[in-house]
Structure formats: structure tokens, C-alpha cells
Ligand SMILES: Cc1ncc(COP(=O)(O)O)c(C=O)c1O
């Protein structure tokens, strides 16, 4: 609908037409149990020193880069830190795609920010449906790269949000082999700590066109500080660093992230992963045979996607009880699907009790 406000009319046509990413926070909802954003159920404690708050921070705090490189097992030159992996996604698109000319490729259902970030800067989005087991359709993707010179970046997500499955290594290898000097292949590993054996990080040394994105928002339980990473060939990191803002990482964020990456921080991380993975298995066990449950999707992240007999109705009924989940009804192939984040034991019991009561 046309908006007659002259101030709104000053915005670019693209921004006027833009639908922003509907994050769980923006959707909101009133309740007491929030299992809709794949957040960890509770935060650890951190100490912050204010001694340097009068100074601008480093663009890429060296201790943080070093710590994450050690944790990930890559050279520091292959690491860039930004305000969450969402910022990394935007930077990749702005670095490799020309506005009004180039496109990214995505395989929906997948994380929504790839297309929002592209549209935001006037970059096209080519959607290539995955196979029935939610793997990339390799022949279709390679054909697109062959026939569309403006397709520049492919986004894959492993474990995929919201379907929870990991990318098959063989499929990624076929794509990387065929696109080496031709396109950037991004593997978003936001949830990889819950299934670390499936990381593709070892492929960075062989394939210079691979970018892996990571975050402290999920397994590290630090969504509130906004800290994410790109892991890639040194030349790609240098390119991304041309585009990034001068001070993306505030001093308190760097301090907290460094603490999370110390030996004791990583022990807390390991304990959290084990606890959440065990709770996830118990949750699936408790609900998988219920009458109302049609399908439980793959379980490699800190969430589970479930197809219900009547997911739409159930989503609103459970929301009325104050339990806010994420509705995927209407997304490609996901009718009646609801995603449940693995929260605290009490929160999961609440969901189980509700599902058993109907
Ligand atoms: C697949 C995926 N990638 C990236 C992100 C964004 O993470 P960050 O908090 O690091 O911006 C999310 C958040 O839900 C996600 O699900």
C-alpha cells in the first residue's frame, strides 16, 4: 500500500518495500516461557573491567581473535569477529555481491536472514529447493552457477535452522570442487557445537572459497552480547575487513567473549552442551509417540522441529498458556510445523505436560 508520508517517501524504494526479519524478539508475545529463539536457558557470570572504556576498542581485538582461533583450531589470520553472525552474513553479501546485479542462492526452508540481508542491499535471491531429506540439490545448484553468472554466494546452514539436519560432507565437497574460482560457499555453523563431529572446518585449508560462520549466541549462551565469527581464507578475511565498521566489538563484549573462551569457560560450554543434548533426547522421547505428533525432524541443534496434526491451532493454544514457541506453518514444506528450543528442565516439562494434556 502506498504511504503518503513525505518522510517515508524520502527512503529508497527498496527500503520502503522491505519486510524486516521477524526475529523472535520483534514478534514478541506475552508469556513466561520463551522457547522461540534457540537461546540457552541461562547465562553464566562474567566480570567486566571499565578501565579502558574511555578508549575506542580495536576493530579486531587480538586476544579475542587468538582465543577463538585456538578454540576453532585455525590460524588467527583466518578469523574475523563481528556483531553476531548476522553481521557476518551481511558483510559477506556486501563484499561479494553487486547491488542490482548479483544474487545469492539459498535452499529454503532455512535461516531467514540470508534473504533479508540480500534484499536489504538490492541483491537478488535465488531459491533452490533442497532434496526431500533437506540436503542441497547439488545438480540444481551447480546448474544455477553454470547458467547464471551473477549468482555469487551460496548459503548453506548446518545444522539447518529450522529442520535440524546437518549437511552431508559429500554434497558440500561436490559443490566446493565445482565452484572453486567461481563462487563463495558459506556454511553457517551457528549450532555446530551441538554436533561438533559434523563441522566442515577442516575443509578451509583446501577450499579458498569456503566461509564458515560461527556465533557465541547459541551453545556459548551469549546471544545478548552479539558476537559472531567468519572463518575463511586470509584473503577473504582481508576483504570482509574492508567492509566492516571501524569498531564492531565493544570493549565489554570482547572481555566477556574472551572469558567464555578460557579453559574454564570452555568447560562450562562442554557441560552445557552435554546437558542440553541429553535434555533434547529426553524431550523427543517424551513426545514422539503422542497422537498429535506426526513427525519429529532431525535433532542436531539445540531445538527440535515437530510436525503436528494441527500445528496452527496448537501454536496458539500453547501460547495462551504463556509458552511461546516458533511457528513455521506456511514455510516451504513445513505446514503444521513448530520449532521448540531446548530450554531448562522445568520449561521442557511444561511443554511436555501441555502436549500430553491435549
Ligand atoms: C542459522 C543461524 N545463523 C545465524 C544466526 C544469528 O546468530 P547471531 O546471534 O550470531 O547473529 C541464527 C540465529 O538464530 C541462526 O539460527
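Derivation of every value follows stated rules applied to the coordinates shown; laboratory data play no part. Bear in mind that the values here come from a model prediction, so they are computed numbers and not experimental data. Don't worry about glycine lacking a Cβ; one is built from the backbone with ideal geometry, like all the others, and counts go over all protein chains shown.
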Practice problem: Please state, to two decimals, what the Cα-based radius of gyration of the stretch 154-277 comes to when divided by 2.2 N^0.38 Å (N = residues). | Solution: 1.12
Exercise. Report the relative contact order of the chain, percent, no decimals, based on alpha-carbon pairs under 8 angstrom and at least 6 residues apart.
Key: 22 percent
Quiz item: What nm value, rounded to one decimal, do you get for the distance between residue 270 and residue 290 when each label is placed 7 Å out toward the C-beta?
Solution: 3.5 nm
Exercise. With a point put 7 Å past each Cα toward its Cβ, work out how far residue 245 is from residue 137 in nm, to one decimal.
Key: 3.8 nm
Quiz item: If you take every DSSP beta bridge whose two residues both sit in the chain, what share of them, in percent to the nearest 5, is antiparallel?
Solution: 50 percent
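Evaluate E = 1/(1 + (r/R0)^6) for residue 168 and residue 8, where r is the Cβ-Cβ distance and R0 equals 45 Å; express this FRET efficiency to the nearest 0.05. Kindly include the intermediate steps, with their values, before the conclusion.
Numbers: r = 46 Å, r/R0 = 1.02.
Calculated transfer efficiency: 0.45.
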Self-check item: Set of the stretch 147-172 residues, backbone N closer than 18 Å to the point 7 Å along the Cα-Cβ line of residue 129
Solution: 162-163
Quiz item: Which FRET efficiency, nearest 0.05, do residue 53 and residue 75 yield, Cβ-Cβ r, R0 35 Å?
Solution: 0.70
Self-check item: Per-residue Cβ neighbour rank within 10 angstrom, fewest leading, 113, 348
Solution: 113, 348
Quiz prompt | Debye intensity ratio in log₁₀ form over the Cα atoms of the stretch 62-263, taken at each q of 0.08, 0.09, 0.10 Å⁻¹ | solution = -0.24, -0.30, -0.38
Quiz item: Using 0.36 nm per residue, how much length does the chain from residue 298 to residue 46 gain when fully extended, once their Cα-Cα distance is taken away?
Solution: 87.4 nm
Quiz item: Using 7 Å Cα-to-Cβ label points, what is the residue 345/residue 121 separation (nm, one decimal)?
Solution: 4.6 nm
Quiz item: Once fully extended, how much extra length lies between residue 358 and residue 99, figured as 0.36 nm per residue of separation less the alpha-carbon to alpha-carbon distance?
Solution: 88.2 nm
Exercise. Could you list 53, 155 in order of exposure, starting from the residue whose Cβ has the fewest other Cβ atoms within 10 Å?
Key: 53, 155
Practice problem: Order the peptides 237-245, 186-194 from the highest to the lowest mean number of other Cβ atoms within 10 Å of their residues. | Solution: 186-194, 237-245
Quiz item: Given the chain, what whole percent of its Cα pairs are spread farther than 30 Å?
Solution: 40 percent
Practice problem: Would you mind computing the Rg to Rh ratio of the stretch 129-212 from its alpha-carbon coordinates, Kirkwood style for Rh? | Solution: 0.94
